[in-house]
Amino acid sequence: MCQLLGMNCATPTDVTFSFRGFSQRAGITSDHCDGFGIAFFEDKACRLFVDNQSAVESPIAELVRNYPIKSRNVIAHIRKATQGKINLENSHPFSRELWGRQWIFAHNGDLHGFNPTLSGRFTPVGNTDSERAFCFLLDQLVLKFGYHEPKLDQIFDLLAEVSPKIAEHGTFNFCLSNGQALFAYAITKLHWLVREYPFKPAQLIDLDVEVDFSQVTTPEDRVAVITTEPLTQNEVWTAFEPGEMILFQDGRPIRKQLTHVERLERERLNPALKRITKADQY
């Protein structure tokens with residue numbers, strides 16, 4: 001249905017190499033061409049670019065491919081629509097303010113019958129299941145912690161409790177960031193790697209491009225890349241386990257938890273219950 005790209009770094013880093021390969025999947029090497037978006041954090045605030053054109057055709061995407069915006073947290077998304085019209089308000093990533101920070105969320109999946117009661121503090125602008133899930137997650141954070149910002153570990157614990165409940169409704173893979181760190185959760189497809197010293201060359205899968213990172217980095221640099229499908233052909237990517245949540249900070253995973261999703265257990269015991277949706281086919 002959609003594809004995700006996240007980047008978490010120890011030092012401000014540009015995402016142009018990964019985004020060049022990733023954006024090819026929006027109409028050239030795959031057909032995720034129903035809109036795109038990307039957010040770059042700068043401390044508490046972020047630059048957010050969205051377009052309902054594909055990342056192949058959009059002049060905004062062309063800017064991102066060629067303008068090295070440096071950031072410690074980046075989330076990008078290319079859309080293959082299953083719920084909601086192809087328009088700007090339904091283009092990921094979505095943004096909201098909480099505790100004096102911008103929060104950015106992008107989702108890959110297809111949630112059925114997910115119509116939670118929302119407080120009104122966070123209200124969807126578009127009509128996607130993804131934005132409803134984002135508003136619901138933020139509601140749960142406020143319900144738990146009020147208006148005093150909790151620690152990252154506390155946020156992680158709450159997300160690890162709530163996300164499996166949302167995943168009962170279908171595929172729920174997401175990247176979420178508040179500029180301090182990046183939370184990633186997977187039910188089906190999500191992969192990650194860490195690039196750090198000593199750096200090596202990397203070759204994109206979707207484009208004939210290679211970068212020798214040893215020539216453009218310092219020993220202090222470290223980058224974690226999270227994506228739906230691996231972007232490079234000569235690096236080792238680690239697949240998320242179904243129900244796994246990982247917290248990335250300073251360019252590396254600092255906490256992991258395998259959550260229990262009852263639907264996955266039911267489907268394991270009785271494969272006939274498994275529903276293959278469009279989100280699982282892309």
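The values are calculated or read from the model by the stated rules, or taken from the named source; none is laboratory data. None of the values given here were measured: they were computed from a predicted structure. Cβ sites come from the backbone with ideal geometry, for glycine too, and all protein chains shown count toward neighbours.
Selection within region 32-57: residues that are hydrophobic (A, V, I, L, M, F, W, C) and at pLDDT below 80. The member of this set that is farthest from PHE105 (Cα to Cα) is VAL56. When region 212-236 is filtered for residues that are under 30 Å from GLY170 (Cβ atoms) and within 16 Å of the chain's Cα centre (by Cα), the ones remaining, listed by number, are ALA224, VAL225, ILE226, THR227, THR228, GLU229, PRO230, LEU231. Kindly check whether there is at least one residue in region 161-174 that is under 15 Å from GLN249 (Cα atoms) and modelled with pLDDT of 95 or more. Scanning region 161-174 turns up no residue that is under 15 Å from GLN249 (Cα atoms) and modelled with pLDDT of 95 or more. Every listed requirement among (1) farther than 30 Å from PRO253 by Cα; (2) assigned to a helix (DSSP H, G or I); (3) basic (Lys, Arg) is met by ARG121 save one, (2). Inspect region 145-156 for any residue being among the small types (Gly, Ala, Ser) and outside any loop (DSSP other than H, G, I, E, B) and give the result as yes or no. Scanning region 145-156 turns up no residue that is among the small types (Gly, Ala, Ser) and outside any loop (DSSP other than H, G, I, E, B).
Inspect all residues belonging to region 200-210 and state whether any of them is modelled with pLDDT of 95 or more and either in contact with a Pro (Cβ under 6 Å, 6 or more places away or on another chain) or among the hydroxyl-bearing types (Ser, Thr, Tyr) (or both). Looking through region 200-210, none of the residues is modelled with pLDDT of 95 or more and either in contact with a Pro (Cβ under 6 Å, 6 or more places away or on another chain) or among the hydroxyl-bearing types (Ser, Thr, Tyr) (or both). Summed over region 221-277, residues that are in a loop (DSSP other than H, G, I, E, B), in contact with a Cys (Cβ under 9 Å, 6 or more places away or on another chain) and closer than 19 Å to ALA76 by Cα total 3.
In this structure, is ILE60 over 30 Å from PRO219 (Cα atoms), surrounded by fewer than 18 Cβ atoms within 10 Å (Cβ to Cβ), modelled with pLDDT of 80 or more and β-branched (Val, Ile, Thr)? In short, yes. Suppose the filter is crowded, with 19+ Cβ neighbours inside 10 Å, of a type in the set (Ser, Thr, Tyr) and in contact (Cβ under 8 Å) with a residue 24 or more places away in the chain; does THR259 pass it? Taking the combined requirement at face value, the residue satisfies it.
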